[in-house]
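What follows is one structure encoded as structure tokens, with my remarks underneath.
No value in this document is a laboratory result; all are computed from the given coordinates. The structure presented is a predicted model; accordingly, all values stated were derived computationally and were not measured. Here the Cβ is made from the backbone with ideal geometry for all residues, glycine too, and neighbour counts use every protein chain on show.
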Amino acid sequence: MLSVQTNNAAMTALKNLNTNSMAQDQSLNRLSSGFRINSAADDSSGFAISSKLDAQAGRLKAASQNATQATAMVKMADAGVNEIQNMFNRILTLATQASSGNNAGELAKLDAERIKLETQIDNIANSTNYNGVSLLNGTSGSSATLAAPVAGISATVQATGAASGAVTLSTLTNAGGGIDITLTNAAGTAQTVNVTVPAAGTTSSVAFNDIGLTLSVDSNLVTGGAGTVNVTAGASSSFQVGADNAATNRVSINLSNSYTTASLFTGYGGVATAGLTTNTDAQNYIDKASFALDKLITQRADLGATQNQLGFVQANLATSIEQTTASVSAIKDADMAAEMANFTKNKILTQAGTSMLAQANQASQNVLTLFR
């Protein structure tokens, strides 16, 4: 039937042309982006799965960075402990030399070196830190606060190696000027520091290295003050080394061990000794230093085990990231060879459809022959 109102052939050609044109555009989109799935409409289930896997891969990469930083932190701690261990080995050598009668004339020199080595051990223990986190003085995660207000002294106290427990505080006027602040810890160790009262509107820090605390004082500091500083020991630091919020996705690192001489000597039940000033003291000091060295080695072994643990964690994370990324690729990436073949086919069909639409539109003009 010839009709000028409806051109069915043209409508069919147009429908096929639009279909092929859309398929060509889709192939162009995939070829230019490299992805088979560019929107949820392309493959709703594939889009949902790949999106979740993409997010998981991102979390795994962040966890891998955490593990890398944790490893660096532990290695830095171990390097510091290694030097402390070397110095204790040297101290034991000095004590062995001082224990012998043939070195009686050299005791003062041997003891002087011992003092310098122990001072440096404390310096390393108190100064080794990673991004502001102390690693070797036991203060990682620890805190100290003033139990009740004391005029001129901040309620927040910085812990720099203090043992957990209560530390008493008192202030009095020093005969030479300024104000003496005295701290006494639970072990009976006391330290007094003379402080010049800061000017109005200013503060100053007062370090009590023997106690392991630092106070902040201001112009309101007066005599007759008394109080208690409560020190809470540090706990193990937790590192997120997995993609999920679960205990199995975290690693705890114990940085609460202190490697100061005072901490390493704590618990020694042998004969007390002042140093290497006599043969007898030196002989007893061998036991004392050996006790500290054994304690240090035991604590250092935990650092070594943690390094190995983190090494396996990083290896597992690398595999997880690789496999997760591969899964996303398998779902989301375009098969370029197949898409190029589809593009070529759709391009030819589009060209053919355009030609057929022109032919279909031309066919309706045959009706004019009836009017001749």
Within-14-Å neighbourhood charge of Gln240 [Cβ basis; K, R +1; D, E -1]: +2
Cα-centre dipole for the range 245-372 with unit charges at Cβ (Lys and Arg positive, Asp and Glu negative), debye to 20: 720
Formal net charge of residues neighbouring Asp294 (Cβ-Cβ distance under 12 Å; K, R +1; D, E -1): +2
Amide H partners (placed H, <5 Å) of Val157, local residues excluded: Ala144, Thr145, Leu146
Phi-based couplings in Hz for the range 257-268 (Karplus 6.51, -1.76, 1.60; Gly and Pro marked x): 6, 9, 10, 6, 4, 4, 6, 5, 7, 4, x, 6
Point-to-point label distance, Asp25-Ala166, nm (Cα→Cβ direction, 7 Å offset): 8.0
Interchain or long-range residues, amide H under 5 Å from Phe208's placed H: Leu213, Thr214, Leu215
Environment charge of Ile153, counting only residues whose C-beta is closer than 14 Å and scoring Lys/Arg +1, Asp/Glu -1: -2
Approximate spin-label separation Val271-Thr298, in nm, with each point projected 7 Å along Cα-to-Cβ: 2.4
Mean separation of Cα contacts under 8 Å, 6 or more apart, over the residue count of the chain: relative contact order %: 28
Cross-link pairs beyond the 25 Å C-alpha cut-off, checked among Lys75/Lys295; Lys52/Lys75; Lys15/Lys347; Lys52/Lys345; Lys75/Lys288; Lys109/Lys295: Lys52/Lys75; Lys52/Lys345; Lys75/Lys288; Lys109/Lys295
Residue-averaged [θ]222 nm for the chain, counting only DSSP H segments that reach four residues, each worth -39500 (n - 2.57): -18500 deg cm²/dmol
Cα→Cβ-extended label distance, 7 Å offset, between Ala247 and Ala148, nm: 4.0
Residue-wise HN-Hα coupling along the range 214-223, computed from phi with Karplus coefficients 6.51, -1.76, 1.60 (Hz; x: Gly, Pro): 10, 9, 10, 10, 10, 5, 8, 4, 9, 7
Listed peptides 212-219, 336-343 by packing density, highest first (mean Cβ within 10 Å): 212-219, 336-343
Structure-derived log10 I(q)/I(0) by the Debye sum over Cα atoms at q = 0.07, 0.08 Å⁻¹: which label, when the choices are (i) -0.58, -0.66; (ii) -0.37, -0.48; (iii) -0.30, -0.40: (i)
Full-stretch length increase - Asp210, Thr232 - with 0.36 nm per residue and alpha-carbon distance subtracted: 6.2 nm
